[in-house]
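Okay, so here's the structure we're looking at.
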Amino acid sequence: MTKAILIDVENKEIKNVEIEEGIQDIYQNLNCQCFSVVSIDKNTDCFVDDESLLKQGYIDDDGTRHNLSGFKMGEMNLIMGNGLLVGSPDFDGNTTDVKVPLVIVEMAVKFVDFDNNDDKPQPFMSFSAWEF
């Protein structure tokens, strides 16, 4: 088991979690089908939903509205969807325990909601030609 910190944007909750070896627990905690890794610093990585900007807000069968949500941490760019903080990988590439204390993450995270899809950031990609 690896110690991690889950940033749950829908419930506006930050909590300690433990994840099993492999990727299934990462998918489950992030509530996604594809994830990427964002390097926070030399000791901390954040697993994020790779398709979060492609998703829309939705309304449950019972009428509960779920807005598109994300978070910012310090001076970082906005991250859409949940985040899972872990320690940087060891020499074998295995995820390690998160080293930053929960209280520090709670002070650094600011949750962001978008009431409609017109307000949300749009996916962006650019290419640059290299001259040799």
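Each value in this text was obtained by applying a stated rule to the coordinates, not by laboratory testing. This is a predicted model, so every value here is computed, not measured. Cβ coordinates were reconstructed from backbone atoms using ideal geometry, including for glycine residues, and neighbour counts include every protein chain displayed.
With 0.36 nm allotted per residue and the present C-alpha distance subtracted, the F114-S39 stretch has 24.5 nm of extension available. Taking amide hydrogens as placed 1.01 Å from N in the peptide plane, the amide H of V9 sits under 5 Å from those of N82, G83, each at least 5 positions away in sequence or on another chain. Partner aspartates and glutamates whose Cα lies under 13 Å from the Cα of K42, excluding those fewer than 8 positions away in the same chain, are identified as D90.
At 0.36 nm per residue, and after removing the present C-alpha to C-alpha distance, how many nm does the segment from E75 to S126 gain when stretched out fully? Spell out each step's value before the answer.
Values: separation 51, 0.36 × 51 = 18.36 nm, distance 2.22 nm.
Gain on stretching E75 to S126: 16.1 nm.
Annotation: amide H of L68 within the under-5 Å range of G57, F114, sequence separation 5 or more or interchain, hydrogens built in the peptide plane.
Quick check on the exposure proxy: order S126, S69 from fewest to most C-beta atoms within 10 angstrom.
Numbers: S126 4, S69 20.
Exposure proxy ranking, most exposed first: S126, S69.
Amide H contacts of V17: A4, I5, L6, each under 5 Å away and 5 or more positions distant or on a separate chain (H built 1.01 Å from N in the peptide plane; Pro and chain starts excluded). What the Cβ-Cβ distance of Y27 and M1 gives, at R0 = 22 Å and to the nearest 0.05, is a FRET efficiency of 0.85.
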